[in-house]
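Structure first, commentary second.
FYI, it's all coordinate maths here, none of it is from the lab. Here the structure is a predicted model, which is why all the values come from computation and not from measurement. A quick note on method: Cβ atoms are made from the backbone with ideal geometry, for glycine too, and the neighbour counts reach across all protein chains shown.
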Amino acid sequence: MIAILRKSASDEAVKHLVSWIEGKGLQAHVSHGENEIVIGLVGETEKIDPFLLESMDIVERVQRVSEPFKKANRKFHPEDTVVDCGHGIKIGGGHFQVIAGPCSVEGKNLIDIARRVKAAGATMLRGGAFKPRTSPYAYQGMGASGLDCLREAADELDMPIVTEIMDPRDVQLFLDKRIDVMQIGARNAQNFPLLKEVGKTDVPVLLKRGMSGTVDELLMAAEYIMSEGNDNVILCERGIRTFETRTRNTFDLNAVPVLHYLSHLPVVADPSHATGYRRYVEPMALAACAAGADGLEIEVHDCPERAWSDGAQSLTPEQFEQTMDRIRAIRAVIVSNHE
Ligand code: PEP
Ligand code: MN
């Protein structure tokens, strides 16, 4: 971290600031330039609030030299992380996976949807048993029995399950039900107690970007999980809230290469929540593939108009089959270009 001071700063004020920095356990290296005085802060700079430093009268501006995320940072871990999701399925570092299934687990139809998506080429099964709904009066999910439906379907098809956890108190339940990947949804992207609790397990976590979350906030959320010891984090871009109203969210495709540049963690894209309309899911799924996503999460329902949630953005199994064909075509181009 570097603090650039006002030219007019008195020697006494600079000395005072240096001892304030040293008092935080850091070293302060002062250099006097022709037009400004610069202090280089060395040590555990996370202990310093950059805004507090910048608020001091003699400080003109503060610049971070290194990012606050360490474990998720590619600088300290140059190779891509490959996350093992169980059932022989790996994601990241050239392993590409498609997670598909209904928004909500609804019971009996799950196995039919699971069979269809698997036959079309999906490698992981999704479905929400605990649903984060904007309205408390909307359907809230089947709860624990929904996890059983998922486990049953996924065991029959030998697929890993991806399902959302909303409450830190449910971690043991998810472990007991042998959930392969715990999803943390956009609405819980900064639920720090939840992030810490899943961080204490070694179960892979699909961490979605908050709807108003920056890339750095997503990486700091990953850091919360990793700092507790769980390195099995998969990042997910699922659209952010902007001024645009023609789609449910705005798919930030930039985030895919940006996350790859900044972090070694696998990056999945979710064109279903990003667009909100079935007609836009396929083009944006293909675009995300072309942008280098390590995987896609796509909502599929056997009868979208009867879906208990997110029917508008759910593909029919037939549409999913066609989308998968096109995904394979895009992947073939990307993979051959990298060889
Ligand atoms: C979901 O995957 O069904 C979901 C609720 O996603 P998000 O958290 O991205 O809105
Ligand atoms: Mn959904």
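Here are the numbers for the structure shown:
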| quantity | calculated |
| --- | --- |
| Asp302-Arg279 FRET efficiency (beta carbon distance; Förster radius 25 Å; 0.05 resolution) | 0.85 |
| Mean separation of Cα contacts under 8 Å (6+ apart) over length of region 83-338, as relative contact order % | 19 percent |
| Entries of Lys70/Lys208; Lys70/Lys90; Lys7/Lys47; Lys75/Lys177; Lys108/Lys196 with Cα pairs more than 30 Å apart | Lys75/Lys177; Lys108/Lys196 |
| Cβ crowding within 10 Å averaged over residues, with 59-68, 87-96, 302-311 ranked highest first | 87-96, 302-311, 59-68 |
| Estimated distance in nm for a label pair at Val333 and Lys15, the labels positioned 7 Å out from Cα along Cα-to-Cβ | 6.7 nm |
| Selected from Leu315, Met284, Gly239, residue furthest toward positive end of dipole (the chain; charges at beta carbon) | Leu315 |
| Using a Förster distance of 51 Å, the FRET efficiency for Glu156-Asp49 (Cβ separation, nearest 0.05) | 0.45 |
| DSSP bridge pairs, the chain: antiparallel proportion in percent, nearest 5 | 40 percent |
| Inter-centroid distance (Cα atoms) of region 280-339 relative to region 218-248, Å | 20 Å |
| Sequence ranges 118-130, 326-338, ranked by mean other-Cβ count within 10 angstrom, highest first | 118-130, 326-338 |
| Over 29 Å [Cα-Cα, the chain], rounded percent | 43 percent |
| Angle in degrees between helix 144-157 and the longest Cα principal axis of the chain, rounded to the nearest 10 | 70 degrees |
| For the chain, size of Cβ-based charge dipole, Lys and Arg +1, Asp and Glu -1, in debye | 540 debye |
| FRET E, pair Lys7, Asp216, Förster distance 45 Å, beta-carbon r, rounded to 0.05 | 0.90 |
| Zone residues, region 21-36, relative to Asp57, backbone N less than 18 Å from point 7 Å out along Cα-to-Cβ | 21 |
| Added length on full extension, which subtracts the Cα-Cα distance from 0.36 nm per residue, Phe76 to Ser227 | 52.9 nm |
| Potential lengthening between Ser145 and Ser31 on full extension [0.36 nm per residue; Cα-Cα distance subtracted] | 34.6 nm |
| Rg/Rh for region 150-304, where both radii come from Cα atoms and Rh is the Kirkwood radius | 0.96 |
| Net charge of Cβ neighbours under 12 Å - reference Asp148; Lys, Arg +1; Asp, Glu -1 | 0 |
| Percent of beta bridges antiparallel (DSSP, region 8-138, rounded to nearest 5) | 75 percent |
